[in-house]
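To start, the structure under review is shown below, and the notes come after it.
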Amino acid sequence: MTTVKRIAISAQEHKKTELIEWSYFKRLALQQHQLIATGTTADILEGTVDVPVQKLQSGAMGGYKQLATMVAEGKIDALIFFSDVIHDAVNNSDIRNLLELAISKNIIVSCNRTTADHIMDSGLINEIYVPAGPSYEPATKQFANQQDPGNEVRMAV
């Protein structure tokens, strides 16, 4: 990862007020990075952070699918997700797939404001970062050839 991170930010409708407060509070840190968002989330960030935001289009290929594609292509370094993740992930396969892909690609993932604060306040956010240790292989590969649905990998967030 480079010193300028590509940070995707997503906020469910019921978390827009929290996004406004958080992004204004963290605007100086966020201004140092490339921000990516969809729809009103991008508009909110442009207003509170006062920088251009890469705005993804809504439509047939919704924002979560677009973000998942960007994660798969290595175009996202961090995902900050303002949501009631337990409720939303269970009821929205696009969100669940995005989070599972982000985890499997070993990118930074935040699912609440506290974690987002820690990410943006970390000294590593503004440095080149290479994960140390053995290469990361998602546990889901272990189960790829098993046919028993009882061995399904589940994600707890």
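The values are calculated or read from the model by the stated rules, or taken from the named source; none is laboratory data. Values in this document were obtained by computation on a predicted structure and should not be read as measured data. When we count neighbours, we look across all protein chains shown, and the Cβ atoms used for this are built from the backbone with ideal geometry, even at glycine.
Looking only at region 24-33, count every residue that is crowded, with 19+ Cβ neighbours inside 10 Å and small (Gly, Ala, Ser) and tell me the total. Give the steps one after another, and end with the answer.
Within region 24-33, the subset crowded, with 19+ Cβ neighbours inside 10 Å is 26, 30, 33.
Filter once more, keeping what is small (Gly, Ala, Ser): none.
So the answer is 0.
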Q | Top-ranked residue of region 5-23 - restricted to ones that are in contact with an Asp or Glu (Cβ under 7 Å, 6 or more places away or on another chain) and assigned to a strand (DSSP E or B), ranked as surrounded by the fewest Cβ atoms within 10 Å (Cβ to Cβ) | A | Arg6
Q: Kindly check whether there is at least one residue in region 27-41 that is farther than 23 Å from Glu127 by Cβ, in contact with a Leu (Cβ under 8 Å, 6 or more places away or on another chain) and not small (Gly, Ala, Ser).
A: yes
**Q.** Given (1) at pLDDT below 95; (2) surrounded by 13 or more Cβ atoms within 10 Å (Cβ to Cβ); (3) in contact with a strand residue (DSSP E or B) (Cβ under 8 Å, 6 or more places away or on another chain), number of the condition Ser58 does not satisfy
**A.** (2)
